1. Of all residues in segment 339-370, count the ones that are among the hydrophobic types (A, V, I, L, M, F, W, C), at pLDDT 90 or above and in contact with a Phe, Trp or Tyr (Cβ under 9 Å, 6 or more places away or on another chain).
2. Might you let me know whether segment 215-229 holds any residue that is part of a helix (DSSP H, G or I) and under 24 Å from LEU336 (Cα atoms)?
3. Would you mind finding the one in PHE248, PHE235 that is modelled with pLDDT of 90 or more and buried (at least 18 other Cβ atoms within 10 Å of the Cβ)?
4. Scan segment 146-169 for residues that are in a helix (DSSP H, G or I), small (Gly, Ala, Ser) and more than 19 Å from ARG79 (Cα to Cα) and jot them down.
5. Could you run through segment 399-423 and say how many residues are of a type in the set (Ser, Thr, Tyr) and modelled with pLDDT of 90 or more?
6. For segment 110-134, name all the residues that are surrounded by fewer than 21 Cβ atoms within 10 Å (Cβ to Cβ) and under 18 Å from ALA200 (Cβ atoms).
7. Scan segment 291-298 and give yes if some residue there is in contact (Cβ under 8 Å) with a residue 24 or more places away in the chain, under 17 Å from LEU237 (Cα atoms) and crowded, with 23+ Cβ neighbours inside 10 Å, otherwise no.
8. Please verify whether segment 205-214 includes one or more residues that are at negative phi, in a loop (DSSP other than H, G, I, E, B), aliphatic (A, V, I, L, M) and crowded, with 19+ Cβ neighbours inside 10 Å.
Amino acid sequence: MKSVEEARATPSVPSEASAARPEIALLLSAVFLVYLAQMTLNPIIAPLSREVGLAEWQIGAMISIAAVMLVLTGQFWGRRSQSWGRKPVLVAAFMLATVTMSLFALLAWLGMVGAIAGIELFLLFVLLRGVGFGTAISAVLPTAQAYIADVTSDETTRVKGMAGVGAVQGISMIAGSVVGGVLSVFDILAPLIAVPVLLAGGLILVAVRLRREPRHRLVEKPARVSPLDARVWPFLLAGFGMFTALGFIQVLIGFIVQDRLGLGAETAGLLTGGALLLAGLGLIVAQAVVVPRSRWSPATLLRVGGAIALVGFALLIPDAGPAPLFTSILLIGFGLGIATPGFTAGPTLMVDRDEQGGLAGLTSATTGLTFVIAPTAGTALYGFGVAVPITVGTVIMAIVTVFVLAHPHFRGIPTPAQGPPPA
């Protein structure tokens, strides 16, 4: 590991950093397209499952397996992005995603016409949407995050770059929900056809426009980063706690809106869409406006964002009518939107360059792990009462908020120019 003095003595290379700026825009476009494709599919997953005769738990298992693949392959892809280069990794990821989702659309059609059904259909759904697409999508985020960490030379720029990744995810969440919902009005197969088209567009973009890094910029043997590494585990724990708290309520928003407001299915669907839109808008405003302009350190982002999200969680516990309900969802999205760049950028300031790919995969896997655990636990607790999973999420968020306020690791985080502290 470099000492502080060695890191300070390392000259910056403005020309390379300057040349990298357009590449950051292309990588953000790749992130947008892959998550737009994912979100376009989400609105029709539930009705599709009923059309092809699959149970709700089978769709849940398919999504959980995709999250498991994110956990298992995230660090692999992050490290390969440093040793192979970003372009080969993204080309491979988009190619795999395009092929698997094209086959998924064909499989869904075969299921709807009755050509394939039962356990065979379920296993093929898991193989294509769970294993195949899950493996492919797990490459994109670590690659973008590792690249941003590699080409940014100061804390403010790095935080801004990481916030950009979160912002395009928020935009894709809103856009995908709209595109999927609108296309499903024409035919349930329309979003299924649109998904591989969007992925093919991403494949063309990275294959044609993204430059390959010069060989001297690659890392021959990227280092693996342990989740127990003393430099990064506090950030990973904070991120795991934040997204676990979110996971306890995220899949329940539709149920909460319908049950608390006493709505029919159609009206509940409309207002649930509005609630998710508010959460997405809060996230976008936080990461596209507040984070870049505030110039706060990662620790400050975690503290401020965590406190705001905690207020949102607490406001959601009582059944106080529609205004507090929607306000709480907006605050949760806004607060987590501020805190997330602190979670993703903070640990990158603590590790060496050859560890950035492994770290990016680890942070992505940390988020993915929460989607394996929390949604199942949240839906199970909902059976005991609407407020039970919300209260559990609030308690977890409170613990995270206290942790980032009190733990000494969040004080005095070095800038990239200073390097990590001596071993």
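The values are calculated or read from the model by the stated rules, or taken from the named source; none is laboratory data. The structure displayed is predicted, hence computed values, not measured ones. Cβ sites come from the backbone with ideal geometry, for glycine too, and all protein chains shown count toward neighbours.
1. Kept after step one, since they are among the hydrophobic types (A, V, I, L, M, F, W, C), are these residues of segment 339-370: 339, 343, 345, 349-351, 359-360, 362, 365, 369.
Those still in the list that are at pLDDT 90 or above too: 339, 343.
From what is left, the residues that are in contact with a Phe, Trp or Tyr (Cβ under 9 Å, 6 or more places away or on another chain) are 343.
Residues in segment 339-370 being among the hydrophobic types (A, V, I, L, M, F, W, C), at pLDDT 90 or above and in contact with a Phe, Trp or Tyr (Cβ under 9 Å, 6 or more places away or on another chain): 1 in total.
2. no
3. Exactly one residue qualifies, and that residue is PHE235.
4. First, pick out the residues of segment 146-169 that are in a helix (DSSP H, G or I): 146-151, 155-169.
From what is left, the residues that are small (Gly, Ala, Ser) are 146, 149, 161, 163-164, 166-167.
Within segment 146-169, GLY161, ALA163, GLY164, GLY166, ALA167 qualify.
5. Within segment 399-423, residues that are of a type in the set (Ser, Thr, Tyr) and modelled with pLDDT of 90 or more number 1.
6. Of everything in segment 110-134, just one residue is surrounded by fewer than 21 Cβ atoms within 10 Å (Cβ to Cβ) and under 18 Å from ALA200 (Cβ atoms), namely GLY132.
7. yes
8. Yes.
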